[in-house]
Amino acid sequence: MLTVPEAARRSGKNPETIRRWIREGRLRSRKVGTQHVIDEEDLESLLENGLLPAPSDWNQMFTGDPMPNWEAIIRRQRVQH
């Protein structure tokens with residue numbers, strides 16, 4: 001279980017972004033006292049599946065080929081370093 005600041009550090013996001021995701025229902029959490037706690041698998045799932053949906057016309061390149069998942073590519077490259 002992660003607190004909001006721990007989840008923010010792990011994801012490289014601002015703690016307020018994590019709180020906003022919780023309020024919007026994008027990230028599940030439980031309240032323990034006054035703090036939200038987040039399951040590590042839920043955070044990883046959100047990060048792996050993409051943070052923001054892209055507009056539908058961005059799904060294809062101008063050639064008609066499907067658009068690469070740039071977020072996943074960059075994430076893999078960062079892990080390799």
Please list 23-36, 64-77 highest first by mean number of surrounding beta-carbon atoms within 10 Å per residue.
23-36, 64-77
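Restricting to Cα pairs below 8 Å that are 6+ residues apart, what does the relative contact order work out to for the chain? Please round to a whole percent.
After rounding, I find 23 percent.
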Sorted from largest to smallest, which semi-axis lengths in Å does the alpha carbon gyration tensor of the chain give for its equivalent ellipsoid, taking the root of 5 times each eigenvalue?
29, 15, 9
Would you list THR17, THR63 from fewest to most Cβ contacts within 10 Å?
THR63, THR17
Given the candidates ILE22, TRP58, VAL32, the one whose Cα lies deepest towards the positive end of the charge dipole of the chain, counting +1 at each Lys or Arg C-beta and -1 at each Asp or Glu C-beta, is VAL32
Which distance in nm do the two modelled labels at ILE73 and GLU24 give, with both placed 7 Å along the Cα-to-Cβ direction?
2.4
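Bear in mind these aren't lab numbers, they're just calculated from the coordinates by the rules spelled out. The shown structure was predicted, so the numbers you read here are calculated from the model rather than taken from an experiment. Positions of Cβ are backbone-derived with ideal geometry, glycine not excepted, and every protein chain shown enters the neighbour counts.
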